[in-house]
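Enquirer: Pasting a structure here, questions to come.
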Amino acid sequence: MTLTQLSQVKRWMVMHSARHPVELAVWNVVLTIWMLGFMGVPGALLIQAWIALPLCLVAWLLPMAYTGGRRRLHRSGRLRCDWLTAL
């Protein structure tokens, strides 16, 4: 995902936060973990914590995995996901 797509989803979540408060909270957690993964790489390299690098990669890929999973569930009719229009 690009930063533009991330911000579009965030904007949609904020605009519809009254109707979807849990969605906003989950998206904030996803973005927080993504940022921790992104910023954890320099720290892990500095202190040579090689085991943390795969965790940082997983955290960095989390928004793409989350939106992909939500898209699959929406297409199968198991979960309604209104914010997919923001992508």
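Enquirer: Collect the residues in segment 26-52 that are aliphatic (A, V, I, L, M) and closer than 22 Å to residue 3 by Cα, keeping them in residue-number order.
Expert: 26, 29, 30, 31, 33, 35, 36, 39, 41 - these are the residues of segment 26-52 that are aliphatic (A, V, I, L, M) and closer than 22 Å to residue 3 by Cα.
Enquirer: Within segment 64-87, track down each residue that is open to solvent by 70 Å² or more (accessible area, probe 1.4 Å) and in contact (Cβ under 8 Å) with a residue 60 or more places away in the chain.
Expert: Correct list: 64, 85.
Enquirer: Residues of segment 44-63 being over 19 Å from the mean Cα position of the chain (by Cα) and open to solvent by 80 Å² or more (accessible area, probe 1.4 Å), which ones?
Expert: Within segment 44-63, 45, 46, 47, 48, 50, 51 qualify.
Enquirer: Does any residue in segment 8-19 that is closer than 12 Å to residue 63 by Cβ come within less than 8 Å, Cβ to Cβ, of a residue that is open to solvent by less than 40 Å² (accessible area, probe 1.4 Å) and of a type outside the set (A, V, I, L, M) six or more places away or on a different chain, and which pairs are these?
Expert: As it stands, the answer is 9/27; 9/67; 9/83; 10/27, since those pairs meet every condition given.
Enquirer: I would also like to ask the following. Anything in segment 1-11 that is open to solvent by 40 Å² or more (accessible area, probe 1.4 Å) and touching a Leu at 6+ places or on another chain (Cβ under 9 Å)? List them, or say none.
Expert: Of the residues in segment 1-11, the ones open to solvent by 40 Å² or more (accessible area, probe 1.4 Å) are 1-5, 7-8, 10-11.
Result: 1, 5, 8, 10.
The values are calculated or read from the model by the stated rules, or taken from the named source; none is laboratory data. The shown structure was predicted, so the numbers you read here are calculated from the model rather than taken from an experiment. Using ideal geometry, Cβ is built from the backbone for each residue, glycine included, and neighbour counts are taken over all protein chains shown. Surface areas here come from the heavy atoms of the whole protein model, side chains and all, with no ligands, DNA or RNA. Shrake-Rupley method; radii C 1.70, N 1.55, O 1.52, S 1.80 Å.
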